[in-house]
Amino acid sequence: MKTGIIRRIDELGRIVVPKEIRKSLRIKDGENLEIFVEKEEIILKKYSIIKKISDLAINITDAVYLSSKKNMLITDLDEILAISGIFKKEYLNNKISKDLLNLILKREETIKKEDFRLTESTIENLKFALCPIIVGGDILGASIVYSLEDVDEFDLKIAKIISKILEQYLEN
């Protein structure tokens, strides 16, 4: 996305990222950004600590699916980072829906038995069990067991176990 917005750097070297850009990229006050330099360009990128362990997340979701045939996914606050089971190709790296983001931000374990869209760009309505991933008081994402059919307390336990594993890994 290229924009023509011009901002002045203040005497402390700060710039303000325009509200429209922050809103479209879901950048909240206090959120971390990574800064890169490529040739003569400065690149700002949303920072997600959980993205740093996406390989581990992929291995976990695949292991859950292989051992239990449960569809599993792991998100940060923006997109699906790892997924196994049905819709793997359709959902991987898709932005999560605003409704799902709001559920994650509630910081509560949740079972949704009514149809729900996990991403903005998909049409499938799913049922799921969600457990947030919280490290150092910060909400980082969620682990979710999902189904076209039904979910139950066992699915929530799986999601909770995966969240706890990732939380411990990220704390160390």
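Quick notes
- Karplus-based coupling profile of the range 36-51, in residue order and whole Hz: 10, 10, 10, 6, 10, 10, 9, 10, 9, 9, 4, 9, 10, 4, 5, 5, with θ = phi - 60° in 6.51 cos²θ - 1.76 cosθ + 1.60 and x standing for Gly or Pro.
- Gain on full extension, evaluated as 0.36 nm per residue between I111 and V37 minus their Cα-Cα distance, stands at 22.3 nm.
- Cβ crowding within 10 Å averaged over residues, with 34-47, 123-136, 88-101 ranked highest first: 123-136, 88-101, 34-47
- Among (i) 16.9, 51; (ii) 17.6, 58; (iii) 16.1, 53, the entry that matches Rg and Dmax of the Cα atoms in Å as calculated here: (ii)
- Point-charge dipole on Cβ atoms (K/R +1, D/E -1) for the range 111-172, about Cα centre, debye to 20: 120 debye
- Between T122, T75, T61, the Gaussian network model of the chain with springs among Cα atoms under 10 angstrom shows the greatest mean-square fluctuation at T122.
- Length gained when the stretch N172-I58 is fully extended (0.36 nm per residue, less Cα-Cα span): 39.1 nm
- If R0 is taken as 25 Å, the Cβ-Cβ distance between K69 and Y47 corresponds to a FRET efficiency of 0.15.
- Carbon-plus-sulfur accessible fraction, the chain (probe radius 1.4 Å, protein heavy atoms only): 53%.
- Dipole magnitude of the chain, debye to nearest 20 (Cβ charges: Lys/Arg +1, Asp/Glu -1, about Cα centre): 340 debye
- A helix-only calculation puts the chain at -9000 deg cm²/dmol for mean residue ellipticity at 222 nm, using -39500 (n - 2.57) for each DSSP H run of at least four residues, averaged over all residues.
- Cβ-defined net charge surrounding K51, 11 Å radius [Lys, Arg +1; Asp, Glu -1]: -2
- Taking 7 Å steps out from each Cα toward its Cβ at S97 and E149 produces label points 2.2 nm apart.
- Accessible surface computed residue by residue for the chain, with neighbouring protein chains in place and a 1.4 Å probe, gives 63 Å² per residue.
- Given charges at Cβ of Lys, Arg, Asp, Glu: the chain dipole, positive-most of N59, I123, I134: I123
- Cα-based reach from K69 at 15 Å (exclusive), listing aspartates and glutamates while leaving out same-chain residues under 8 positions away: E149, D150, D152, D155
- Taking the chain as a Gaussian network of alpha-carbon nodes connected by springs under 10 Å, the highest mean-square fluctuation of the residues I104, I161, I21 belongs to I21.
The values are calculated or read from the model by the stated rules, or taken from the named source; none is laboratory data. Quick caveat: nothing in here was measured; it's all calculated off a predicted structure. In this analysis, Cβ positions are derived from the backbone assuming ideal geometry, glycine residues included, and neighbour counts consider all displayed protein chains. Side chains included, ligands, DNA and RNA excluded: accessible areas come from the protein's heavy atoms. Shrake-Rupley method; radii C 1.70, N 1.55, O 1.52, S 1.80 Å.
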